[in-house]
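Working notes, structure below.
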Amino acid sequence: MMRIIYCFVLLFAVLLVGCDSSNTDTAEQEPSQSKPQDKSKLLGQALELAGQHKFDEALTALDMLIAEYPDYAEAYFRKGNILHGQGNLLYDRSVAMDSKGDVAAATKNSVESTGKFTEAVNVFNKAIELNPDYGAAYLDRGINQILINQRKAGYQSLDKAEEIFKAKLAEDPTDVGFKIQLVNITGFRGEFRNALEDAKTILSEHPDSEDARNLVLELEEVVGLRN
């Protein structure tokens with residue numbers, strides 16, 4: 001069951017996308033009066049590094065961003081995403097080493113992956129502290145809590161994320177993004193077939209949504225309906 005959860009996490013990890021910096025003020029500044037760089041631009045630079053799989057450099061960039069903008073909830077959220085991704089990579093290495101009979105290496109990577117997931121939980125806590133209505137942060141915190149066997153707390157986080165997404169969807173029933181997030185929550189609870197049916201419903205309502213189409217395909221793979 002835990003391996004299925006890890007696979008589902010990998011399939012539906014939050015995409016790290018760059019931010020639009022087209023509005024950045026490019027006017028020259030006097031060296032002694034240079035204003036801080038726009039936080040969206042700095043975030044975009046960090047996510048670009050993550051997209052290049054330069055995860056340590058991305059984390060360093062995010063730490064610098066947080067030092068300059070300590071109340072920037074999204075910076076903490078994105079840092080949690082990257083830590084979670086590193087944890088997934090370490091877990092996969094652990095599985096690979098275990099399959100080769102290298103118990104010591106498998107154990108080492110497993111312990112390190114748990115450390116990354118734990119650190120991610122702490123970072124998501126900060127994002128939520130700064131923005132108590134941050135549904136995606138509750139969702140991702142819940143995923144990582146489940147992965148470190150804090151299952152009760154994890155499902156409570158998923159419940160809170162679901163509450164927020166449903167409220168958002170009530171405000172805008174056409175928002176496919178919130179619908180997909182709700183399907184993700186169903187999947188993370190282990191209800192993969194229900195998630196698949198919900199995803200198919202979303203695709204029928206939004207046939208042009210590439211995200212909905214990919215969601216259906218990936219869920220079909222999870223439940224074994226595709227080779």
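So, of the residues in region 154-182 that are charged (D, E, K, R) and in a helix (DSSP H, G or I), which turns out to be surrounded by the fewest Cβ atoms within 10 Å (Cβ to Cβ)? Break it down into steps so the answer makes sense when it comes.
Of all residues in region 154-182, those charged (D, E, K, R) come to 159-160, 162-163, 166, 168, 171-172, 175, 179.
Filter again for in a helix (DSSP H, G or I), leaving 159-160, 162-163, 166, 168, 171, 179.
On the way: 159: 14, 160: 20, 162: 20, 163: 13, 166: 14, 168: 16, 171: 8, 179: 23.
Among those residues, the one meeting the criterion is 171.
Residues checked against (1) surrounded by fewer than 18 Cβ atoms within 10 Å (Cβ to Cβ); (2) under 22 Å from residue 222 (Cβ atoms); (3) outside the structural domain of residue 94 (by TED's automatic domain parsing):
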{"site": "133", "(1), (2), (3)": "yes, no, no"}
{"site": "152", "(1), (2), (3)": "yes, no, no"}
{"site": "185", "(1), (2), (3)": "no, yes, yes"}
{"site": "208", "(1), (2), (3)": "yes, no, yes"}
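Pick from region 135-150 the residues that are among the hydrophobic types (A, V, I, L, M, F, W, C) and farther than 24 Å from residue 196 by Cβ: which of them is surrounded by the most Cβ atoms within 10 Å (Cβ to Cβ)? Quick ask: steps written out before the conclusion?
Keep residues of region 135-150 that are among the hydrophobic types (A, V, I, L, M, F, W, C), which gives 136-137, 139, 143, 146-148.
Next, only the ones that are farther than 24 Å from residue 196 by Cβ stay: 137, 148.
On the way: 137: 29, 148: 18.
Per the criteria, the residue is 137.
Have a look at 123, 111, 103 and point out the one that is under 16 Å from the mean Cα position of the chain (by Cα) and in the same structural domain as residue 43 (by TED's automatic domain parsing). Spell out the reasoning first.
Values: 111 fails: under 16 Å from the mean Cα position of the chain (by Cα); 103 fails: under 16 Å from the mean Cα position of the chain (by Cα).
Result of the check over 123, 111, 103: 123.
Among residues belonging to region 187-206 that are free of Cβ contacts under 8 Å to residues at least 24 places away in the same chain and of a type outside the set (D, E, K, R), point out the one that is surrounded by the fewest Cβ atoms within 10 Å (Cβ to Cβ).
Going through the qualifying residues, I end up with 204.
Mind counting the residues in region 185-224 that are part of a loop (DSSP other than H, G, I, E, B) and touching a helix residue (DSSP H, G or I) at 6+ places or on another chain (Cβ under 8 Å)?
Restricting attention to region 185-224, the residues satisfying the condition of being part of a loop (DSSP other than H, G, I, E, B) are 189-191, 206-209, 223-224.
Still in the running and touching a helix residue (DSSP H, G or I) at 6+ places or on another chain (Cβ under 8 Å): 189-190, 206, 209, 223.
Of the residues in that region, 5 qualify.
The values are calculated or read from the model by the stated rules, or taken from the named source; none is laboratory data. Note that the structure is a prediction, hence the values are computed from the model and not measured. Ideal geometry is used to build each Cβ from the backbone, glycine not excepted, and the neighbour counts take in all protein chains shown.
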